[in-house]
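Enquirer: One structure coming up, written as structure tokens, with questions to follow.
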Amino acid sequence: DSTGDWSSDVCSSDLSTVGNVIANIYSSALSIQLLGKHFIAVPRFVWCTLLSAATFALAYGGRNVLEDIINNLLSILGYWTLAFAMILFIEHFWFRPRLGGYDVSAWQDQKRMPWGIAGTASLLIGIGFSFLGMAQTWVS
């Protein structure tokens, strides 16, 4: 029976997709809880439920235009990744050696952490300049 082989492949593909989505949702819920004390107070299963609902809503809403969504997302992600990588590169190789390295003892003390204004501004400037050179996603 040839349908048995085909159906087991589809079932295997579906189960592997579900497994990947579950890992991403759980990781995202954990990341949300790392944002601060208020987020830790909400149980992780609540965050997982909210993220699952958001994933379903986005998947259901974009099911007919998936190719366009993926093309636009990958274009934007490529530009954003370049800007973010340059920020990290300049920070690590230019600023940190001059400032004496990283203060790893301050990573969880909010009063000792920088506000991140320079990083946010440089990211926004990098994204802004990438829009000027963009010839696809929002310009065409």
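Enquirer: May I ask for the longest run of the chain untouched by chymotrypsin sites (Phe, Trp or Tyr not before Pro) that are loop-located per DSSP and have at most 16 neighbouring C-beta atoms (other than their own) within 10 Å?
Expert: 1-101
Enquirer: From the P(r) of the range 72-112, can you give the percent of Cα pairs sitting at distances over 12 Å?
Expert: Within the range 72-112, distances greater than 12 Å cover 68 percent of Cα pairs.
Enquirer: Given that just one value was derived from the coordinates, which of [x] 12, 43, 31, 13, 1; [y] 9, 21, 30, 26, 10, 3, 1; [z] 11, 44, 38, 6, 0 is P(r) over Cα pairs in 10 Å bins from 0, in percent?
Expert: Matching entry in [x] 12, 43, 31, 13, 1; [y] 9, 21, 30, 26, 10, 3, 1; [z] 11, 44, 38, 6, 0: [y].
Enquirer: Please give the helix 2-33 orientation as an angle from the longest Cα principal axis of the chain, in degrees from 0 to 90, rounded to the nearest 10.
Expert: 30
Enquirer: Continuing with the same structure: Taking only protein heavy atoms into account and a 1.4 Å probe, give the accessible area per residue of the chain in Å².
Expert: About 82 Å² of surface per residue is accessible.
Enquirer: Could you state the angle between the C-alpha long axis of helix 44-61 and the longest principal axis of the C-alpha atoms of the chain, as a value from 0 to 90 degrees rounded to the nearest 10?
Expert: The answer is roughly 60 degrees.
Enquirer: Using alpha carbons only, how many degrees (0 to 90, rounded to 10) separate the axis of helix 66-90 from the longest principal axis of the chain?
Expert: Result, in degrees: 20.
Enquirer: Roll a 1.4 angstrom probe over the protein heavy atoms and tell me the percent of accessible area of the chain that is carbon or sulfur.
Expert: Carbon-and-sulfur percentage of accessible area, whole number: 69.
The values are calculated or read from the model by the stated rules, or taken from the named source; none is laboratory data. In this text the structure is predicted, and so the values were computed from the model without any measurement. We place every Cβ from the backbone using ideal geometry, glycine too, and count neighbours over all the protein chains shown. The area values use the complete protein model at the heavy-atom level, side chains included, leaving out ligands, DNA and RNA. Shrake-Rupley method; radii C 1.70, N 1.55, O 1.52, S 1.80 Å.
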